[in-house]
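Every number in this text was worked out from the coordinates using simple rules, so none of it is lab data. What you see is a predicted model, and the numbers here were worked out from it, not measured in a lab.
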Amino acid sequence: MNQQKRYEEPKLNLKKVFAVILAFIVIIMSIILMTGTLTKDKEQGKITSADYFVSFKDNKWGVIDSDGNTIIDPSYEEMITIPNSKKDVFLCIYDVNYQTGEYKTKALNSKNEEILTRI
């Protein structure tokens, strides 16, 4: 007698196996990236300085940080420019002559020290 199998052995579908393995790899990578970015933000939050903002008091301009601490006392007639609120570089205009249009500029840091000057 001839013995035949009643059913065919199922073949392994390599496309499905590859797709499942790829899905697991993507899930693991996304978990690693999420935990890495969350811990990096916490570490950077401790290292980075506060944001800086322009303040106006008694018709004078100055700079404060995000905690409200005075960085540069309000002593400038013209508004102070802050190019990047995360960095402590402030552009100040002083000795303005409105009739001739002449003025002087300087760049200050958070310690009120001149880092750049223009005559």
Quiz item: Given 0.36 nm per residue, what is the gain on full extension from residue 11 to residue 100 after removing their alpha carbon distance, in nm?
Solution: 23.1 nm
Quiz prompt | Stretch gain in nm, segment residue 25-residue 111, where the contour uses 0.36 nm per residue and the Cα spacing is subtracted | solution = 26.0 nm
